[in-house]
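The values are calculated or read from the model by the stated rules, or taken from the named source; none is laboratory data. Owing to the predicted nature of the structure, the values given are computational and were not obtained by experimental measurement. Here the Cβ is made from the backbone with ideal geometry for all residues, glycine too, and neighbour counts use every protein chain on show. Quick note on the areas: whole protein, heavy atoms, side chains included, nothing else; ligands and nucleic acids left out. Shrake-Rupley method; radii C 1.70, N 1.55, O 1.52, S 1.80 Å.
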Amino acid sequence: HEHSRFSVELRNGYEMEFDSAGKLLEVDSPDRNNLTQGILNDVLPAKAVNHLREKGVLKQVDDVKILRNGNYLVGIDKMVNDYTIRFDNNGELSKLK
């Protein structure tokens, strides 16, 4: 099926979800941790990583979802006020709908 999804939990607690073709759909950090810059560099376009760095939230990303249309949803963990930032497939900031 095209709707088949496979989840992998790594020993360090990171979780990754793939579609049936092996395309990455989501990566989540373990509880009370955030994704490393290395993972973000591998998953997101450089422009998106730079934007997160400039906003001072690079070390607070706890998950990234890759949408069917190629956009990225980046979850920011701010303890009290979590929020999501959307980037297009080029790493340009785009508005949440």
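Using a probe radius of 1.4 Å on heavy atoms only, what accessible surface per residue do you get for the stretch 5-97? Whole Å² is fine.
I get 65 Å² per residue for the stretch 5-97.
Tell me the volume per residue, in Å³, of the convex hull enclosing the alpha carbons of the stretch 7-46.
In the stretch 7-46, the Cα convex hull volume per residue is 72 Å³.
When you take every Cα atom in the chain, what is the radius of gyration, and what is Dmax, the widest Cα pair distance, in Å?
Computed over the Cα atoms of the chain, radius of gyration and Dmax are 13.1, 40 Å.
Suppose the chain between residue 33 and residue 6 were pulled fully straight at 0.36 nm per residue; how much longer would it get relative to their current alpha carbon spacing?
Extending this stretch completely gives an extra 7.5 nm.
How would you rank 23-33, 5-15, highest first, on the average number of other Cβ atoms within 10 Å across their residues?
The peptides rank, most packed first, as 23-33, 5-15.
Go through 58-64, 48-54 and give me the packing order, highest mean Cβ count within 10 Å leading.
Packing proxy ranking, top to bottom: 58-64, 48-54.
Quick one: ranking 39, 76 by accessible area, 1.4 Å probe, largest first, what do you get?
39, 76
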